[in-house]
Amino acid sequence: MPVFSLGSKLKALFSKGESLEDFYDDLEDILIESDIGVKTSLELITILKDKKIKAKDELGVLKELRDIISGYIKTWDMELERGKLNVFLVLGVNGVGKTTTIAKLASYYKKRNSVDSVLAAGDTFRAAAIDQLVFHGDKLGMKVVKQKPGADPGAVIYDSIANAKAGGKELVIADTAGRMHNKANLVRELQKIDKIVTAKAGEVNYRKVIVIDATTGQNGLRQAEIFHEAVGIDGVILAKYDSMSKGGIVVPVSRELGIPVAFIGIGEKYEDLIPFNKENYLNNLLDID
Ligand SMILES: Nc1nc2c(ncn2[C@@H]2O[C@H](COP(=O)(O)OP(=O)(O)OP(=O)(O)O)[C@@H](O)[C@H]2O)c(=O)[nH]1
Ligand SMILES: [Mg+2]
């Protein structure tokens, strides 16, 4: 599958030598196609027009785009608050990479901070989801708190916090179901979980992160919107960045929803999760060497 390349499309556009109006129209289409979002793309075009950036000035356009987009993207290092229990609730629609990302996060904090996580099997919607987390917990040598399929996810997460506290652990990473019978149910369920953990806000550093699949396109923005409205999201992890997409979706998520980017997933192995680096990301997005 070819990699969608905003940079190569831009290069082709520059070599077209069309009128300034057509250039801006085409540029707008290219930006939207690269998941930057309609609103943000229009905003970018307006700024370029205002600055009277010339279509022929390839480097000038790229530099300008890079600078503006850079200002749009917020980042978050997702460091642990030491000496305290950290609770990371991992959200996202089904199949985006939540459970795999949880295992990667547990592995990351083990390496970085020598911290063992307690993994909470909060996706009680499917038996296989619990088994998948247990599989990772066994491989990583980390405790998994679970109940039977169909159990109340809030209770599982409550137990995992109690378990972590009793064991002197500093981190709980909680899985959640990305699907329910319908959206209203999903939102209600998440709000219940959120209430339970928020009640412990004084004692724990509670953070909510959404996993977005880089290959799902602009739908990722809608997903982030729904979860953000439901419980308020602190950060995004972009999974499957190694696949064909260049991850333009984090631009509108950051710009339009104000959600910072924490990590990117670049494969299926535990070590394939790296802190988001804005410079590298922008160079890759725009194909700048
Ligand atoms: N290439 C690649 N694959 C990934 C990445 N992250 C997750 N995956 C794969 O995506 C698939 C789905 O991942 P899961 O972690 O099961 O996703 P989930 O969101 O927990 O899915 P549900 O529990 O079904 O809602 C698996 O095959 C993962 O190996 C990534 O960064 N890169
Ligand atoms: Mg899962």
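The values are calculated or read from the model by the stated rules, or taken from the named source; none is laboratory data. None of the values given here were measured: they were computed from a predicted structure. With ideal geometry, Cβ positions are generated from the backbone for all residues, glycine too; neighbour counts draw on all protein chains shown.
Counting residues in segment 237-247 that are surrounded by 15 or more Cβ atoms within 10 Å (Cβ to Cβ), within 16 Å of ligand 1 (Cβ to nearest atom) and within 20 Å of ASN86 (Cβ to Cβ) gives one or more.
Among the residues of segment 175-216, those that are acidic (Asp, Glu) and assigned to a loop (DSSP other than H, G, I, E, B) comprise ASP175, GLU203. A search for C-beta distances below 7 Å between a residue of segment 254-270 that is polar (S, T, N, Q) and any residue that is at pLDDT 95 or above and within 16 Å of ligand 1 (Cβ to nearest atom), counting only pairs 6+ apart in sequence or on different chains, returns SER254/VAL261. Among the conditions (1) closer than 30 Å to ILE249 by Cβ; (2) within 16 Å of ligand 2 (Cβ to nearest atom); (3) at pLDDT 95 or above; (4) among the basic types (Lys, Arg), LYS192 misses just one, which is (2).
Do we have any residue at all in segment 269-288 that's out of contact with any Lys or Arg (no Cβ under 9 Å at 6 or more places or on another chain), in a strand (DSSP E or B) and under 22 Å from GLU33 (Cα atoms)? There is no residue in segment 269-288 that is out of contact with any Lys or Arg (no Cβ under 9 Å at 6 or more places or on another chain), in a strand (DSSP E or B) and under 22 Å from GLU33 (Cα atoms). When segment 87-123 is limited to residues that are within 13 Å of ligand 1 (Cβ to nearest atom) and of a type in the set (Lys, Arg), the one that is farthest from ILE193 (Cα to Cα) turns out to be LYS104.
Return yes or no: is LYS63 within 16 Å of ligand 1 (Cβ to nearest atom), assigned to a helix (DSSP H, G or I), charged (D, E, K, R) and out of contact with any Cys (no Cβ under 6 Å at 6 or more places or on another chain)? No: the conditions fail for LYS63.
Residue-wise test of (1) modelled with pLDDT under 85; (2) more than 23 Å from the chain's Cα centre (by Cα).
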position	(1), (2)
GLY17	yes, yes
PHE23	no, yes
ILE30	no, no
ILE36	no, no
LEU62	no, yes
ASP67	no, no
GLU79	no, no
ASN94	no, no
THR101	no, no
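Consider segment 21-57 and keep the residues that are at positive phi and touching a residue at least 24 places away in the same chain (Cβ under 8 Å). The one that is surrounded by the fewest Cβ atoms within 10 Å (Cβ to Cβ) is GLY37.
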